1. Look through the range 21-45, keep the residues that are assigned to a loop (DSSP other than H, G, I, E, B) and open to solvent by less than 100 Å² (accessible area, probe 1.4 Å), and return whichever of them is farthest from Ser58 (Cα to Cα).
2. If you scan the range 1-19, which residues turn out to be in a helix (DSSP H, G or I) and either more than 14 Å from Leu65 (Cα to Cα) or touching a strand residue (DSSP E or B) at 6+ places or on another chain (Cβ under 7 Å) (or both)?
3. With the requirement that a residue be in contact with a helix residue (DSSP H, G or I) (Cβ under 6 Å, 6 or more places away or on another chain) and either of a type in the set (S, T, N, Q) or within 27 Å of Ala4 (Cα to Cα) (or both), what does the range 22-63 give you?
4. Among (1) free of Cβ contacts under 8 Å to residues at least 60 places away in the same chain; (2) open to solvent by less than 80 Å² (accessible area, probe 1.4 Å), where does Leu68 come up short?
5. Only one of (1) modelled with pLDDT of 95 or more; (2) open to solvent by less than 70 Å² (accessible area, probe 1.4 Å) fails for Ile14. Which number is that?
Amino acid sequence: MMRASNVQSRRKLIAEKAELDQKLAMLDGFLFSERSEGLSEYPRSVLMRQRVAMSDYSEALGERLACLTD
């Protein structure tokens, strides 16, 4: 049985991951659309780095969630 503090932590992590994943989907929607074609190379590379960081962060949150359910 999960302790109350783990349940609260899990809920916070779920909410944080959901919000992050939504922002990541929005960024992807922009980056891989015609709307981003007007960006010069540097701003586009910064957004791609941001995408990688957000994806890594989301994966880490998922791993933390997995630890709380074990």
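1. Restricting to residues being assigned to a loop (DSSP other than H, G, I, E, B) and open to solvent by less than 100 Å² (accessible area, probe 1.4 Å), the top hit is Ser40.
2. Listed by number, the residues that qualify are Ala4, Glu19.
3. The answer is Ser36, Ser58, Leu61.
4. Exception for Leu68: condition (1).
5. Status for Ile14: all satisfied but (2).
The values are calculated or read from the model by the stated rules, or taken from the named source; none is laboratory data. Keep in mind that this is a model prediction, so the values were computed, not measured. A quick note on method: Cβ atoms are made from the backbone with ideal geometry, for glycine too, and the neighbour counts reach across all protein chains shown. Surface areas here come from the heavy atoms of the whole protein model, side chains and all, with no ligands, DNA or RNA. Shrake-Rupley method; radii C 1.70, N 1.55, O 1.52, S 1.80 Å.
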